[in-house]
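The structure appears right after this line, and notes come after that.
The values are calculated or read from the model by the stated rules, or taken from the named source; none is laboratory data. Treat the numbers as computed from the prediction; the structure is a model and nothing was measured. Using ideal geometry, Cβ is built from the backbone for each residue, glycine included, and neighbour counts are taken over all protein chains shown. All accessible areas refer to the heavy atoms of the entire protein, side chains included, with ligands and DNA or RNA removed. Shrake-Rupley method; radii C 1.70, N 1.55, O 1.52, S 1.80 Å.
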Amino acid sequence: MHKVRRHLEPHAIWIRASPGADPAQLGGDLDVLADPVGATIDNGLRTWESLDQQLGILTWSALGLIGVAVVIALIGIANTLGLSVLERAREHAMLRALGLTRRQLRRMLATEAVLLSVVATVLGTVIGVGFAWVGYETFVTRALRDATMRVPWLSLGVVVLIAALAGLLAAVLPARRAARVIPAEGLSLD
């Protein structure tokens, strides 16, 4: 009599999920299939979704911090322009005496404010993306070899646009104050 010995060898099955597949539903369906045969399931899709959510939270947190920076910049630009109007009162009066209209003076100060805010925002964005790239290369690529760095250019463009609008808003009060100065009165200031 021959005894037949059955050797159970471990097997692995790879399942590729279609794009947009729900990890929880796929995991549940696979658990239903695996339970009767006593198989274990390692669901990498759930892990990937978790990491993707964490990176999304970090991205939105960074955008939130950028928004706070824009508000701080708005206050800074308004303060800078307010001081500029006080310090440059003679200059503004001279420009007005030479024929610059109130509207042109307001437009000039608004242009200065927009340029200040856009240059600061672009510079901050370049520095921020540089730091993000260093962090990505230092930490993320070591943990996830196939991860790719995605920069939300559209969102950053919106931030630059909002910063330009914030600079324009910051210029309203200082520009009005500068435009109210009568040229003869402004030229007599020390």
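Here are a few things to note about the model shown:
- Projecting the Cα atoms of Leu123, Gly64, Trp48 onto the charge dipole of the stretch 32-124 (Cβ charges, centred on the Cα centre) puts Leu123 farthest toward the positive pole.
- Debye-sum result for the stretch 59-190 in log10 I(q)/I(0), which assumes one identical scatterer on each alpha carbon, at q = 0.10, 0.22 Å⁻¹: -0.45, -1.16
- This model, with +1 at the C-beta of Lys and Arg and -1 at the C-beta of Asp and Glu, gives the chain a dipole about its Cα centre of some 760 debye.
- Gaussian network model of the chain, springs between alpha carbon atoms under 10 Å - residue of Ala21, Ala166, Ala147 with greatest fluctuation: Ala21
- Extension gain (nm, one decimal) between Ile72 and Ala147, 0.36 nm per residue minus Cα-Cα: 23.6 nm
- Protection proxy ranking, highest mean first, for peptides 58-68, 73-83: 73-83, 58-68, where packing is the per-residue count of other beta-carbon atoms within 10 Å, averaged.
- Order by protection proxy (mean Cβ within 10 Å, highest first), peptides 167-173, 113-119, 136-142: 167-173, 113-119, 136-142
- Excluding ligands, DNA and RNA, the accessible surface per residue across the chain is 76 Å² with a 1.4 Å probe.
- Using a cutoff of 8 angstrom between alpha carbon atoms and counting only pairs six or more residues apart, the relative contact order for the chain works out to 34 percent.
- Here the accessible area is traced with a 1.4 Å probe on the protein chains. For the stretch 39-149, carbon and sulfur cover 67 percent of it.
- Accessible-area value, Arg107, 1.4 Å probe, nucleic acids and ligands omitted, Å²: 130
- Helical segments meeting 20 Å axial Cα length and Kyte-Doolittle 0.0 threshold in the chain (DSSP H): 44-87, 102-135, 153-180
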